[in-house]
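One structure is given below, encoded as structure tokens.
The values are calculated or read from the model by the stated rules, or taken from the named source; none is laboratory data. None of these values were measured; they are calculated from a predicted model. Heads up, the Cβs are rebuilt from the backbone with ideal geometry, glycines too, and the neighbour counts pull from every protein chain shown. Protein only, heavy atoms only, side chains kept; ligands, DNA and RNA dropped before computing areas. Shrake-Rupley method; radii C 1.70, N 1.55, O 1.52, S 1.80 Å.
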Amino acid sequence: MVQRSLVSVVDDDQSVRESLPDLLRHFGFAVQAFSSAEAFLASEFVSLTRCLILDVGLVGMSGPDLQRELIRRRQAIPTVFITAHGDTSVRSRLLALGATECLFKPFSDDALLDALTKALGTR
Amino acid sequence: MSEQMRIDEQLDQLVAERTSELAAANDALRKELAAERQRAEAAQRINEGGAQLILASIPGLVASLTPTGDVDFVNDPLIEYCGRTLEELQHWGTGDTVHPDDLPRVLQIFTQGIASGEPYDFEARLRRFDDAYRWFQVRGLPLRDVGGAILRWYTLLTDIDERRRAEDALGHSEASLRAIVETTPECVHVIARDGTLLSVNAAGAEMAGAPSVDLMLGRNFYDFVTPEDRERYRAFNESICAGQKGFLEFDIVRMDGARRHLETRAAPLRTDDGTVAQLGIARDITARKQAEARLRESERRLRELTETIPVMLWSATPDGAIDYCNGRFLEYTGLDAEQLMGRGAFTKVLHPDDLDRTVQAWLSCIRTGAAFQAEVRKFHAADTAYRWCMVNARPLLDEHGRILKWYGTVVDMHDWRQAQEELRHTQEKLAYMMRVTTMGELTASIAHEVNQPLSGIMTNAGTCLRMLAADPPDVAGACETARRTIRDAHRASDVIARLRALFTGKELTTESMDLNDATREVIALSISDLQRHRVMLRTELADDLPLITANRVQLQQVILNLLRNASDAMAGVDDGRRQLLIRTARDDGDRVRLTVQDVGVGLEAHVMDKLFQAFYTTKSSGMGIGLSVSRSIIEKHGGRLWAEPNDGPGATFAFSIPRVPERTADAAGAVRNS
């Protein structure tokens, strides 16, 4: 892998923003972490991001809102949703809207790697 | 009056007789004087004295006067009447012997009489000894000698007081009568047989709209009567003139065109020319008729109102006997008015259980006059059932505060009351549901709180392992992630500590309750959920369960949690086999027990001791707080919560609590919390 794929993490929880990037880098990805959807959209990394790990219940613009906004801008990015509100109905709805995967917090590192592989493989 | 006249006549006759006697005496005297003209003056004086003697013996009031009019003799009756001496009476012209009002006239007539020598005659009031004035007729006659010269005047005074008074009274009453007729507000009229108006008073003219009485007289009264009443009036008038008394109501058209309604009472009256006419008194009763019509109309409206108003109305006498019920009342009870009237009759339509208190309250109101109000069950004929009604009554009082009548209403509020009861029940249920399901809400928000650090823990731990497994191992990175793992674990621990504090930190408020009832309520709350999950629920609730003292909401949260766990545990079981059994029973040592038995995934031996720890769960979506909290609640009640695998598939969860929580349990809870 000459150029490492950029994975962006958007989550308002600090624990996640601290722990996920370390794991992702260990997996071999380049990582950028954002505390809100607005911060991500305002950044220069939107077009560079190969995969988005997106919290559902963000304060302000929610995860699904961000996904819709990207589609509207024709900048859709393969997305893995993560949520602390474990609810199977939410998961199926998100998948129906085009998400690659939806993981319930807490999730295992293996589950995350599977989801990422799936997301990037579909590219 | 006729008696008086007779007396007067007699008196007059007596006076006439006496006067003729007097005249005869005078005549005799005159003859004697003529015969003895030649006799001596002295002898004449003696004879005159004899005449005076005669005068004195006359029982009437008599005086004699000199030719110039000076009194020279009065007889005893006159002195006795006046109570004055001859000397005093000689000055009658200046004293008060004659009534001052009469004196000027009397003096004029008297002076003229004396001067002319003609007999005088007048009536005047003379003062009696007791200062009372009485009417007298005073007649004076001159006694002349043969040459015609006046020798003396003889005056006779006749008491005519009674007659005068009777005449005055008569004159006065006639005037009064005329005044009454003229001032009476009723029309007094005399109408001839052919309808000609012979006489009418001012009120009559006014009633007919005529400017004056004169414009009315001579006209035919029939012309005033409206055409439709005219024949009736003609017949009436002719019957009166034929000698009948009568009464008639009829309409007239006044001269100004206004129509009025009159009533006439009439009697026959014989007129001066001998024919018979109608004497009638007519009264304008237009206003009264209109008022009566208005009253009838208002009564009709009131009756319409009382019969159509969607309320039962009734009234009662002061002693409480019903004397009126409107149609709606009768229709409602299916009884007729006769059956509902009278004292105590309303008890017929009351539910026997309401009878005593209602009668007591009603009797008390009758005694005190206080407004009556009662909610009673009243017989409803349409469905032959008793329905809840509100009965109200208020007394009508006179100015002294005495009860004249009771007026009351009855309103059927059965549906309203039932709706209210249902609403209250629903509200209670809702309140319970919210309190009981608070735990569900709580776990959802707690799940979020706890899942965040848990997520960090897992990621960090995964990273840590990978760093250590790398070649070469990234020990520094692994240490950092391990530190973060510990930090996140503390965060999670804090969350659950707060959660436990929610349930154990508070004082346990308890009430006396029936565990079966509480269980049924939870089932009612969950039944739709259970049905959606195709769970077949069976209950075996013990009949002999004693009441317990517990926190109802918390116990229900536990039961709800056990029910949902059981339901979730059977999610993988085939439809039609998801059976759930809830059982209550007495337990040893004055305790009660509730068990929830499912046929779900069951329990493996190694999970049994972890089951009640926080965050331990066998479910994919659960987070393992419910059982931990449930155990806290049961322990707080001094009880025990446990689980055991079934002989067959599934597991059984149960709790057992003392009927009354021990104080030591509270104390233990308090210590654990501090």
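For first residues located in region B:274-294 and on the phi > 0 side of the Ramachandran plot, partners that are of a type outside the set (Lys, Arg) and lie 6+ apart or on another chain with Cβ distances below 6 Å do not occur.
Look at B:Arg163 and say whether it is in contact with a Lys or Arg (Cβ under 7 Å, 6 or more places away or on another chain) and buried (at least 19 other Cβ atoms within 10 Å of the Cβ). Answer is no for this residue.
Applying the criterion of being in a loop (DSSP other than H, G, I, E, B) and open to solvent by less than 50 Å² (accessible area, probe 1.4 Å) to the residues of region B:645-669, the residue that is modelled with the lowest pLDDT is B:Pro661. Taken over region B:127-143, residues that are without any contact (Cβ under 8 Å) to a residue 40 or more places away in the chain and basic (Lys, Arg) amount to 1.
Inspect region A:102-113 for any residue being away from every other protein chain (no Cβ under 14 Å), of a type outside the set (D, E, K, R), under 26 Å from B:Gly462 (Cβ atoms) and in contact with a strand residue (DSSP E or B) (Cβ under 6 Å, 6 or more places away or on another chain) and give the result as yes or no. Looking through region A:102-113, none of the residues is away from every other protein chain (no Cβ under 14 Å), of a type outside the set (D, E, K, R), under 26 Å from B:Gly462 (Cβ atoms) and in contact with a strand residue (DSSP E or B) (Cβ under 6 Å, 6 or more places away or on another chain).
The residue of region A:77-89 that is surrounded by the most Cβ atoms within 10 Å (Cβ to Cβ), among those that are within 12 Å of A:Pro64 (Cα to Cα) and more than 8 Å from chain B (Cβ to nearest Cβ), is A:Thr79.
Taken over region B:206-243, the criterion of being assigned to a helix (DSSP H, G or I) and of a type in the set (D, E, K, R) is satisfied by B:Glu206, B:Asp223, B:Glu228, B:Asp229, B:Arg230, B:Glu231, B:Arg232, B:Arg234, B:Glu238.
Looking only at region A:21-43, residues that are within 13 Å of the chain's Cα centre (by Cα), open to solvent by 30 Å² or more (accessible area, probe 1.4 Å) and within 14 Å of another protein chain (Cβ to nearest Cβ) come to 2 in all. Among residues of region B:343-356 that are open to solvent by less than 40 Å² (accessible area, probe 1.4 Å), those with a Cβ under 8 angstrom from a residue that is part of a helix (DSSP H, G or I), sequence gap 6+ or separate chain, pair up as B:Gly344/B:Val359; B:Ala345/B:Gln339; B:Phe346/B:Leu340; B:Val349/B:Thr333; B:Val349/B:Leu340; B:Leu350/B:Thr358.
Restricting to region B:191-228, count the residues that are in contact (Cβ under 8 Å) with a residue 60 or more places away in the chain and more than 49 Å from the chain's Cα centre (by Cα).
Filtering region B:191-228 down to residues in contact (Cβ under 8 Å) with a residue 60 or more places away in the chain leaves B:191-193, B:198, B:204, B:207.
Next cut, more than 49 Å from the chain's Cα centre (by Cα) only: B:191-193, B:198.
Total meeting the criteria: 4.
Starting from residues that are more than 17 Å from B:Gln556 (Cα to Cα) and of a type in the set (Lys, Arg), keep the ones in region B:571-590 and report whichever is surrounded by the fewest Cβ atoms within 10 Å (Cβ to Cβ). Across region B:571-590, the extreme among qualifying residues is B:Arg577.
Identify, from the list A:Ser47, A:Ser92, the residue that is free of Cβ contacts under 8 Å to residues at least 60 places away in the same chain, within 14 Å of another protein chain (Cβ to nearest Cβ) and of a type outside the set (Asp, Glu). Before the answer, list the steps.
Working: A:Ser47 fails: within 14 Å of another protein chain (Cβ to nearest Cβ).
The unique qualifying residue is A:Ser92.
Pairs are defined by a Cβ separation below 6 Å, a sequence spacing of at least 6 or placement on different chains, a first member in region B:296-320 that is open to solvent by 60 Å² or more (accessible area, probe 1.4 Å), and a second member that is not small (Gly, Ala, Ser); the pairs so defined are B:Glu307/B:Asn326.
Looking only at region A:1-20, count every residue that is more than 8 Å from every other protein chain (Cβ to nearest Cβ), farther than 13 Å from A:Cys51 by Cα and open to solvent by less than 20 Å² (accessible area, probe 1.4 Å) and tell me the total.
Kept after step one, since they are more than 8 Å from every other protein chain (Cβ to nearest Cβ), are these residues of region A:1-20: A:1-12, A:14, A:17.
Restricting the remaining residues to those that are farther than 13 Å from A:Cys51 by Cα gives A:1-3, A:11-12, A:14, A:17.
Among the residues that remain, those that are also open to solvent by less than 20 Å² (accessible area, probe 1.4 Å) are: A:11.
The total comes to 1.
Only one of the numbered conditions (1) surrounded by 10 or more Cβ atoms within 10 Å (Cβ to Cβ); (2) within 30 Å of B:Ala205 (Cβ to Cβ) is violated by B:Asp273, and that is (1). Counting only residues that are modelled with pLDDT under 90, within 60 Å of the chain's Cα centre (by Cα) and surrounded by 13 or more Cβ atoms within 10 Å (Cβ to Cβ), region B:478-516 holds 3 of them.
Would you be able to say whether some residue in region A:50-60 is open to solvent by less than 60 Å² (accessible area, probe 1.4 Å), without any contact (Cβ under 8 Å) to a residue 60 or more places away in the chain and away from chain B (no Cβ under 13 Å)? Yes, region A:50-60 contains a residue that is open to solvent by less than 60 Å² (accessible area, probe 1.4 Å), without any contact (Cβ under 8 Å) to a residue 60 or more places away in the chain and away from chain B (no Cβ under 13 Å). Take the residues in region B:469-483 that are in contact (Cβ under 8 Å) with a residue 12 or more places away in the chain and more than 8 Å from every other protein chain (Cβ to nearest Cβ); name whichever of them is farthest from B:Met458 (Cα to Cα). Restricting to residues being in contact (Cβ under 8 Å) with a residue 12 or more places away in the chain and more than 8 Å from every other protein chain (Cβ to nearest Cβ), the top hit is B:Ala478.
From the list B:Glu422, B:Glu428, which one is modelled with pLDDT under 85, within 40 Å of the chain's Cα centre (by Cα), away from every other protein chain (no Cβ under 14 Å) and open to solvent by 60 Å² or more (accessible area, probe 1.4 Å)? I'd like the intermediate steps shown before the answer.
Details: B:Glu428 fails: within 40 Å of the chain's Cα centre (by Cα).
So the residue among B:Glu422, B:Glu428 that is modelled with pLDDT under 85, within 40 Å of the chain's Cα centre (by Cα), away from every other protein chain (no Cβ under 14 Å) and open to solvent by 60 Å² or more (accessible area, probe 1.4 Å) is B:Glu422.
The residues of region B:244-266 that are in a strand (DSSP E or B) and open to solvent by 30 Å² or more (accessible area, probe 1.4 Å), listed by number, are B:Phe247, B:Glu249, B:Val253, B:Arg259, B:Arg260, B:His261, B:Arg265.
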